[in-house]
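S.K.: This structure is in structure tokens; I'll ask about it shortly.
The values are calculated or read from the model by the stated rules, or taken from the named source; none is laboratory data. Because the structure is a prediction, the values reported are computed rather than measured. Every residue, glycine among them, receives a Cβ derived from its backbone with ideal geometry; neighbour counts consider all protein chains shown.
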Amino acid sequence: MSFSDAGRTIDAIWRIESPKLIAGLTRMVRDVGLAEDLAQDALVIALERWPETGIPDNPGAWLMTTAKRRAIDLLRRNKLRDQKYEELTRSAEWYTEEDMDRQLDGEIGDDLLRLIFMTCHPVLSQDARVALTLRLLCGLTTDEIARAFLVAEATIAQRIVRAKRTLSAKKVPFEVPVGAELKERLGTVLEVMYLMFNEGYSATAGEHWVRPLLCQEALRLGRVLAEIAPDEPEVHGLAALMEIQASRLKTRVGADGEPILLMDQNRAQWDRLLIRRGLAALNRCRQLGKPLGPYALQAAIAACHAQAVTPADTDWVRISALYEALSRVLPSPIVELNRAVAVAMAFGPLYGLQIVDAITEEEALSEYHLLPSVRGDLLFKLDRFEEARLEFERAAALAKNSRERDLLLARASECIH
């Protein structure tokens, strides 16, 4: 294996394993900043050794063992209190490959949920909570998180550094809270799971359009949370949304990894079990008798697509109405952009274009590639091909995901008559 091939493989492994690694280390050292540093140390060692020795059969176990050894070495060097060192030593059993396989769905999975609640502690600002959790749970770079927030990368980097320092200074516990404290953190936890799933569903950057394992982990955590907080409608709303969206994952990319858009997907291959689970979760949300919140409304939109046997059967008028309701409870230019697409499908591209043109000057969308992408699609449907081509090319220049960029450039080529 060449060094470049090894580097790409290690990067893919890191994206998958780093959340579990950081969560397990946080349980040991009770310091999320130190846990991330130890995990990064293990990654550096892997980058040095694996190109020569080959990738281990269980890279997650290798990284965990290496990081735990670094933790004990660090405690020895710093001569921390004997009690803390003894506690760590007693808890630092070495992971074999069998141990890691056995614990992936057990204690380590629980650690991920604890880590989310720890990083969503109210001692941090809302923005800091989300940024830090995306960094640790999704393995996103500060640049990728900045694009998700539509703010400067330096701003995100400062938030993350300050957040880790605050958690350490305040000795925030590594646990899933209960009662009122659980409810207090729930909104941010749901937001993080939502962003985590979305990053897996449509990757911000890189060579792959989807990251299914990230979606699966967010969905698993969402199911666990629905059991912990059964009377919270939005918990079931988010679970419903993720179940239904996950049903399409296998049809979102072709044999060569190329993106396949919703209207072109083979609906016969959508996972009907996940759709049934999603519809049941949405029904459970409605039975709680409260107005639908943002996640439940998005789940209802996803349900419209899931229940349409063919693209022509899609109830775009209902979807437009649901987006109208969503824009009232969660006003944002991105919701408006999605509403424009639905309105265009229901009533014609000219009506959708009017909505898009009304938000083109929104500062938050200035670097958002889907704005020119949607505008290009509407112009194309209106036979304004040269304008459409320029919009697709602009969208491609803004896109950071290589698969999405290729798709947009292909759309631009279609405009040349």
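S.K.: Just to verify a result, which residue in the range 380-400, among those that are surrounded by fewer than 20 Cβ atoms within 10 Å (Cβ to Cβ) and under 14 Å from GLY206 (Cα atoms), is nearest to the chain's Cα centre (by Cα)?
M.R.: It comes out as LYS400.
S.K.: Sort through LEU124, LEU113, LEU186, LEU195 and tell me the only one that's without any contact (Cβ under 8 Å) to a residue 60 or more places away in the chain, aliphatic (A, V, I, L, M) and under 23 Å from GLU227 (Cβ atoms).
M.R.: Answer to the check: LEU186.
S.K.: Let me ask another. Output the residues belonging to the range 394-412 that are within 20 Å of ALA340 (Cβ to Cβ) and not small (Gly, Ala, Ser).
M.R.: ARG394, LEU398, GLU404, LEU407, LEU408, ARG411, listed by residue number.
Conditions tested, residue by residue: (1) modelled with pLDDT of 80 or more; (2) crowded, with 18+ Cβ neighbours inside 10 Å; (3) among the aliphatic types (A, V, I, L, M).
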{"residue": "PHE3", "(1), (2), (3)": "no, no, no"}
{"residue": "TRP14", "(1), (2), (3)": "yes, yes, no"}
{"residue": "ASP37", "(1), (2), (3)": "yes, yes, no"}
{"residue": "VAL44", "(1), (2), (3)": "yes, no, yes"}
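S.K.: Which one of the conditions (1) without any contact (Cβ under 8 Å) to a residue 40 or more places away in the chain; (2) surrounded by fewer than 20 Cβ atoms within 10 Å (Cβ to Cβ) does CYS215 fail to meet, given that it meets all the rest?
M.R.: Answer for CYS215: the failing condition is (2).
S.K.: Scan the range 175-182 and tell me whether some residue there is of a type in the set (Val, Ile, Thr) and at pLDDT below 85.
M.R.: So far as the range 175-182 goes, yes, one or more of its residues are of a type in the set (Val, Ile, Thr) and at pLDDT below 85.
S.K.: Same structure again: Across the range 151-166, which residue is farthest from GLU367 (Cα to Cα) among those that are buried (at least 21 other Cβ atoms within 10 Å of the Cβ) and not hydrophobic (A, V, I, L, M, F, W, C)?
M.R.: So the residue we want is LYS164.
S.K.: Check the range 232-245 and report whether any residue there is within 27 Å of PRO291 (Cα to Cα) and among the β-branched types (Val, Ile, Thr).
M.R.: Scanning the range 232-245 turns up at least one residue that is within 27 Å of PRO291 (Cα to Cα) and among the β-branched types (Val, Ile, Thr).
S.K.: So, one more: Does GLU404 satisfy the criteria of being touching a helix residue (DSSP H, G or I) at 6+ places or on another chain (Cβ under 7 Å) and among the charged types (D, E, K, R)?
M.R.: no
S.K.: Let me ask another. Filter the range 256-285 for residues that are in contact (Cβ under 8 Å) with a residue 40 or more places away in the chain and of a type in the set (Lys, Arg); which is farthest from TRP209 (Cα to Cα)?
M.R.: Only one residue tops the list, namely ARG284.
S.K.: What tally of residues in the range 129-148 results from selecting those that are assigned to a helix (DSSP H, G or I) and either more than 20 Å from THR26 (Cβ to Cβ) or touching a Lys or Arg at 6+ places or on another chain (Cβ under 6 Å) (or both)?
M.R.: Matching residues across the range 129-148 total 6.
S.K.: While we're looking at this one, here's another question. Could you list all residues from the range 167-194 that are under 17 Å from ILE145 (Cα atoms), crowded, with 20+ Cβ neighbours inside 10 Å and of a type outside the set (Ser, Thr, Tyr)?
M.R.: VAL189, LEU190, VAL192, MET193
S.K.: Continuing with the same structure: Only one of LEU241, LEU249 is surrounded by 18 or more Cβ atoms within 10 Å (Cβ to Cβ) and modelled with pLDDT of 95 or more; which?
M.R.: LEU241
To keep it simple, each residue is scored yes or no on (1) exposed (fewer than 14 other Cβ atoms within 10 Å of the Cβ); (2) of a type in the set (A, V, I, L, M); (3) over 22 Å from ARG147 (Cα atoms).
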position	(1), (2), (3)
ARG318	no, no, yes
SER327	no, no, no
PRO333	no, no, no
VAL343	no, yes, yes
PHE347	yes, no, yes
LEU350	yes, yes, yes
VAL374	no, yes, no
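S.K.: Could you identify the single residue in ALA395, ALA388, ALA344 that is farther than 15 Å from ALA412 by Cβ and outside any loop (DSSP other than H, G, I, E, B)?
M.R.: ALA344 is the lone residue from the list that is farther than 15 Å from ALA412 by Cβ and outside any loop (DSSP other than H, G, I, E, B).
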